[in-house]
Amino acid sequence: MRQESNQSAKKKEKKSFLPLPIRVYFVVILLVASIGLYFLLKGPTFHIDHISVSGNTLTDAETIMKIAAVPVGENIFQVNTAEHEKYIEDLYYIKKANIKRVLPSNIVIVVEEKEPIFIVSDGGNYIYLDENLVAIKEQAMADMPSIPLLSNIKVLNAQPGQKIEVEKVAVLDMAYKIALELKKLGVIDNVSEFYMTEEGGMNLYTKGGSVIRIKNMKMFEDHLQFVYTMLFDDTKPMNVELIENGKHVYKPVN
């Protein structure tokens, strides 16, 4: 009885092995896959020979490619894209970076830049400020007409990658809060200039030719709906001074 049991176990053990032809087939497949993987990693077909950049407006593609440091000639599958994306995102004007492989040998760097909220004129140069009032670009000419100019402001320090320092901090804070609110409402694109008055107020110049004179932040908050309406329907030039009781003063546009 015990002998029959042993023989039965041996038969089951033999049946558990794959037939020799099938085992040979799998070995051949594994060998071919290994050879293919070797040529995939070592062959010249997948060596990087072209790198491009898209989404950049604040800086040139060459600067981004230099910072990214993706090696030309490296196998495209051996590049650690996350590591090189981190290099790019360390730039103070970059919000997000994404490196894409385009087979067989191209790399595309897609960047999302921080969006300027103001352009400040300072000594003949124009400084671009992001939503944290950090200087992200400085150049001799303002080339983004969609971004409002912040004028009549004395700049103390505007180093790239650092928050701007100005003489009248309270007025800058007022301009900043107004800009964020108008951006949230979707009408900041209709403002061409934030002008800081000597009295500490703010004049908004619209692209339609109007002027909205705001004495202080409370005046803006109390009459936000009026300001929104003027900017939303910016077709008839008006010179308006906001008054606390709502009886705003209208003057001719010069």
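Residues in the stretch 198-218 that are touching a strand residue (DSSP E or B) at 6+ places or on another chain (Cβ under 9 Å) and closer than 21 Å to ASP173 by Cα: 13 in all.
With the structure loaded, tell me whether ILE153 is over 20 Å from the mean Cα position of the chain (by Cα), modelled with pLDDT of 95 or more and either assigned by TED's automatic domain parsing to the domain that holds LEU242 or in a loop (DSSP other than H, G, I, E, B) (or both) or whether it fails that test. Considered against the rule, which asks whether it is over 20 Å from the mean Cα position of the chain (by Cα), modelled with pLDDT of 95 or more and either assigned by TED's automatic domain parsing to the domain that holds LEU242 or in a loop (DSSP other than H, G, I, E, B) (or both), ILE153 comes out as no. Residue-level analysis places LYS177 outside the set of residues that are outside the structural domain of ILE94 (by TED's automatic domain parsing), in a helix (DSSP H, G or I), closer than 22 Å to PHE232 by Cα and free of Cβ contacts under 8 Å to residues at least 12 places away in the same chain. Which one is farthest from the chain's Cα centre (by Cα) among residues in the stretch 227-245 that are surrounded by fewer than 17 Cβ atoms within 10 Å (Cβ to Cβ) and more than 19 Å from ILE178 (Cα to Cα)? Ranking the qualifying residues of the stretch 227-245, first place goes to ASN245. Checked against (1) under 23 Å from ASN125 (Cα atoms); (2) touching a residue at least 24 places away in the same chain (Cβ under 8 Å); (3) touching a strand residue (DSSP E or B) at 6+ places or on another chain (Cβ under 9 Å), LEU182 passes all but condition (1). When you look at THR45, is it surrounded by fewer than 16 Cβ atoms within 10 Å (Cβ to Cβ), part of a loop (DSSP other than H, G, I, E, B) and touching a residue at least 24 places away in the same chain (Cβ under 8 Å), yes or no? Spelling it out, it is not the case that THR45 is surrounded by fewer than 16 Cβ atoms within 10 Å (Cβ to Cβ), part of a loop (DSSP other than H, G, I, E, B) and touching a residue at least 24 places away in the same chain (Cβ under 8 Å).
Within the span defined as the stretch 137-144, one or more residues are in the same structural domain as VAL187 (by TED's automatic domain parsing) and within 19 Å of ASN203 (Cβ to Cβ).
Restricted to the stretch 160-173, and to residues there that are surrounded by 12 or more Cβ atoms within 10 Å (Cβ to Cβ) and under 23 Å from the mean Cα position of the chain (by Cα), the residue that is farthest from GLY200 (Cα to Cα) is PRO160.
Note on the stretch 110-133: residues that are modelled with pLDDT of 90 or more and among the small types (Gly, Ala, Ser) total 0. For the stretch 125-150, the candidate set comprises residues that are more than 14 Å from the chain's Cα centre (by Cα) and among the charged types (D, E, K, R); within that set, the residue that is surrounded by the most Cβ atoms within 10 Å (Cβ to Cβ) is GLU138.
Out of the stretch 80-124, which residues are acidic (Asp, Glu) and not in a helix (DSSP H, G or I)? Scanning the stretch 80-124 gives ASP90, GLU112, GLU113, GLU115, ASP122.
The values are calculated or read from the model by the stated rules, or taken from the named source; none is laboratory data. Predicted, not measured: the structure shown is a model, and the values here were computed from it. Here the Cβ is made from the backbone with ideal geometry for all residues, glycine too, and neighbour counts use every protein chain on show.
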